[in-house]
Every structure is written in structure tokens, then in C-alpha cells.
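Working notes, beginning with the structure itself.
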Amino acid sequence: MAVQPEIEKRGFVQTVLDAADDVFTRVTAGIPAGEVRRMLRGEAAGRPNPRLKPHSETFLLHIKPTYYHDSVTKFTHTFRLGLLSTYLFFVETITGLILMIWYAPHPRAAYTDTIRLLTMYRSVSLCVTSIAWAPK
């Protein structure tokens, strides 16, 4: 009976332990078992920080995934989501610049400036409302 070369070279127990460590690393999004033990003990992370790697890699893969399934790229599922985000970003920027001209973010003047702007100018009410609702 033929034994797989990997098991023959490293031994059965070591192969099973390596496979279990690989499964654990995949389940914990890239953090190996030894690093999880150090986290539970409260030890500081080494350099480069292995705890940061899953977050940075998944963020980059979230922005540009390596694979798209055909069913998620249908026009009805992605209809204008990027355009909507860009539009709301520009609304936030423009209204923020407009309010920056008349609003002083000082603790003593902030409330009075807001009340003065809301009562004197009708368009400022729209700016304040859009500043509040655009990022939501």
C-alpha cells in the first residue's frame, strides 16, 4: 500500500497537526494558533504585527476582490451604488465647505452660530440636514 509522500516524509502526527493548524488559521481569518495563544495571554504583538495582517488583507480584497461570481455582478444587484456613494461624498464636501464659511466650531460659539444660521438663511437648513443625512 502506497503512503502519501508528505505523510511518509514528516510523519502522520506532524501532518495532522499541520492540517489542524492550517484549518485554525483559515477559521480565524489568517491568525495562526500560536498568535491566538499570545493574544489570550496578553502578550504584545511582534513586528511585523501578525494581528494586523488579516484586517489589511481583507480590506484590500474587499476593495478589489480576486474573483467575482457571475450572479453578484448583475446590473440589478449593483445598480448605481458607486455613483450614489460618489454623489453623497461630493454633497458632504460641498455643504461642509459652505458651512465652514459661517460656522465657528468653538465651544462658546458653536450653538449660537448654528441657531443664527438656521434662523437667518433657509438654504443653510438644507446644508445642515444634508451634512447630517449624507453619510448615513
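The numbers here are math on the coordinates, done by the rules we state, and not lab data. Computed from a prediction, not measured in an experiment: that's the story for all the values here. Please note: Cβ atoms are built from the backbone with ideal geometry, for glycine as well, and neighbour counts cover all protein chains shown.
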So how far apart, in nm, are the two label points at Arg108 and Leu126 if each is 7 Å from Cα heading toward Cβ? 3.5 nm
Mind giving me the nanometre distance, one decimal, between the label points for Arg37 and Thr15, set 7 Å out from Cα along Cα→Cβ? 2.4 nm
Highest average packing first - 113-120, 39-46, 7-14, Cβ atoms within 10 Å: 113-120, 7-14, 39-46
How much FRET efficiency would the formula 1/(1 + (r/R0)^6) give for Thr86 and Ala45, where r is the Cβ-Cβ distance and R0 is 35 Å, rounded to 0.05? 0.45
So if we plug the beta-carbon distance of Phe24 and Leu52 into 1/(1 + (r/R0)^6) with R0 = 25 Å, what FRET efficiency do we get, rounded to 0.05? 0.85
